[in-house]
Each structure stands twice: as C-alpha cells, then as structure tokens.
Amino acid sequence: QVQLVESGGGLVQPGGSLKLSCAASGSIFAIYAMAWYRQAPGEQRELVAHITSGGRTNDADTVKGRFTIARDNAENTVFLQMNSLQPEDTAAYYCKATVNVAALGPDDYWGQGPQVTVSS
C-alpha cells in the first residue's frame, strides 16, 4: 500500500511564506504526476500546481508567480513553496500522487490535507 505524509502547514501573516512537503512511501513501482490541491470550507477542491515525473510544471492562474512546485524523485517527495501569501489562500492543502503499484496499475493517492491559514 502507498501512504502520503504531508508537513509544513500552519498560520502565517499576509505577505509571508510557507513550504509544504509530501513524501510517498510503500510498495511503489513508479510515481508519475504529483500535484497540490486546496479546498476551503464549503468550497470545491481545486488544483493549485502539478508536476510530471520529468519535472514539467503548471500552476493555477491564482497562484502563478507566487507558488512553486518541485520534486525530489530520489525521495519520492513533492514540495510547494508558497510566497506572498494572502487571506484568499487559506485552505486545506492536499497532496496527490499518481502511483503505479505492482499488479494494480496506476492509481491516485492523497495526503491528509493540513490547514494553511493566512491571517494578521
């Protein structure tokens, strides 16, 4: 089985920065795309940033120029560096990994979605 463990959430002032990390472990044959999503209370979960196994990235327009996604393939870890945070960024941030597990084929796995709160 595959487990994603996230860290780095918390409270930050407007204009501040946080870095999230998400490490995958388990019986992994290969990890394909990894991504960060966020979900505010009562709202639909939305894609924040995405990165392929080759390092190609795309960001949502709402975070472009402020957030950066990166991978450490050797450690099966994805990061989200968040700069110039605003109150509108307040949400639970979920890591997703598309993982190929032997005999099962590729499937999506999710982290627990720790809270990021941006407030004075």
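Structure summary
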quantity: Meets criteria (touching a helix residue (DSSP H, G or I) at 6+ places or on another chain (Cβ under 6 Å) and in contact (Cβ under 8 Å) with a residue 40 or more places away in the chain) for Val48; calculated: no
quantity: Restricting the stretch 108-120 to residues that are open to solvent by 60 Å² or more (accessible area, probe 1.4 Å) and in contact (Cβ under 8 Å) with a residue 60 or more places away in the chain, the residue that is nearest to Val2 (Cα to Cα); calculated: Trp110
quantity: The listed residue being modelled with pLDDT under 95 and under 24 Å from Gln13 (Cα atoms), out of Ser120, Ser53, Ser84; calculated: Ser120
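The values are calculated or read from the model by the stated rules, or taken from the named source; none is laboratory data. Quick caveat: nothing in here was measured; it's all calculated off a predicted structure. Virtual Cβ from ideal backbone geometry, glycine too; neighbours counted across all protein chains shown. Heavy atoms of the whole protein, side chains included, go into the accessibility calculation; ligands, DNA and RNA do not. Shrake-Rupley method; radii C 1.70, N 1.55, O 1.52, S 1.80 Å.
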